[in-house]
Amino acid sequence: MTNTARKREIPFPIAHDALHALVDVTKSLLRPMNLNAVLDQILTQVERLFGYEICSVILPTGRDNRLYMAAHRGYDPEIANSIRIKIGEEGIIGHVAATGKSYYAPDVSVDPYYIEGSTKVRSQFSVPLIIDDRIIGVLDVESSELDDFPEDVQHVIEAFAALAALAIYRAQHQEELEHLALTDGLTGLANNRAFWEALHRELARARRFNQPLSLLVLEIDKFKEVNDTYGHLKGDEALRGLAQILGVTCRSMDIAARFGGDEFALILPQTTKDDARKVAYRLMDRVRKFRVDGHLQLTLSMGLAAFPEDGITPNALFSVADYAMYRIKEQGGNGLGLEAPSDAARVADAHH
């Protein structure tokens, strides 16, 4: 049985001040922020404006037609982080994501769509987040009171959801642009700019915490001959194949990059020179087993440098690794170079 007598009190009179409140919210949400900050601000505003302490933003996982809780308040984090909702088939949120229409359950205990997520929830209001007729997520607000979403409050939450959708879209679009700016279009690895940013960042961390760091620089042997003999499409296939091998060879903390042509690098944080040597040999072995178009075998020339013994700046480490790699190329390729001129690091350090 629903309780319609109770009327939620909110921090402003809806009829007179809703517009001013939403203008303030717009200014807050549309500041330049990353996605996590935007989501946090959305939930903060739900609590501040409406007084609801159980709320979440649900976004698509990008696969399997499912949604996940991208941000939440009032839920058990362990449970919330594991939830995956199938669009159209699971609960009120799945229903809203499928229909693109808001849904109100004044008493969840008798609602046909409700799936229990918390024993303290009594009523629920879910609103689609829509951009250009495309559903990008769901704003879900729940209450421990029965029938706790008066119609005027529902209207303002829907207006708020439109602003939230715009803020989420802008943040997602900005992250995509930033990702593209730092990603090699052919291989999906970090590009030249991202490589140098990562090397500066990881080396600064290594110095701060007195940890080792290693750098591998590598090139495909006789890559020009691959392009000249088999064509650039096969050359591109070779580059993508090497990128995939780097991906499976790396740990999650490692950074693989293509910084030009057939030139690649692998930054190995918290890795000694001896351990990096093992990584290099494992990588070379996997590349030898790889075949382009089923028959073309590749080999690598690689150079290794490590912090702090080979240099203490990004340019110093790169100069040592690059020199060692070219020494291997001069000897015919298919190997790992460790040799470095004694002045290579000093010259680089002197300029930086």
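The values are calculated or read from the model by the stated rules, or taken from the named source; none is laboratory data. Since the model is a prediction, treat every value here as computed from it, not as a measurement. Positions of Cβ are backbone-derived with ideal geometry, glycine not excepted, and every protein chain shown enters the neighbour counts.
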(request) Can you work out which of the residues in the stretch 209-231 that are acidic (Asp, Glu) and surrounded by fewer than 17 Cβ atoms within 10 Å (Cβ to Cβ) is nearest to residue 299 (Cα to Cα)? (result) 225
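Quick one: would you say residue 148 is buried (at least 19 other Cβ atoms within 10 Å of the Cβ), over 16 Å from residue 61 (Cα atoms) and in contact with a Lys or Arg (Cβ under 7 Å, 6 or more places away or on another chain)?
yes
Every residue, every condition in (1) surrounded by 15 or more Cβ atoms within 10 Å (Cβ to Cβ); (2) at pLDDT 90 or above; (3) among the small types (Gly, Ala, Ser), yes or no:
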residue	(1), (2), (3)
292	yes, no, no
295	no, no, no
298	yes, no, no
308	yes, yes, no
329	yes, yes, no
338	yes, no, no
348	yes, no, yes
(request) For the stretch 301-323, name all the residues that are free of Cβ contacts under 8 Å to residues at least 40 places away in the same chain and more than 19 Å from residue 203 (Cα to Cα). (result) 323
(request) Please find, among 97, 71, the residue that is assigned by TED's automatic domain parsing to the domain that holds residue 167 and over 22 Å from residue 144 (Cβ atoms). (result) 97
(request) Identify, from the list 121, 156, the residue that is assigned to a helix (DSSP H, G or I) and β-branched (Val, Ile, Thr). (result) 156
(request) Identify all residues within the stretch 153-189 that are of a type in the set (Asp, Glu) and modelled with pLDDT of 90 or more; write none if there are none. (result) 158
(request) Go over the candidates 245, 267 one by one and state the one that is among the β-branched types (Val, Ile, Thr) and more than 19 Å from residue 337 (Cα to Cα). (result) 245
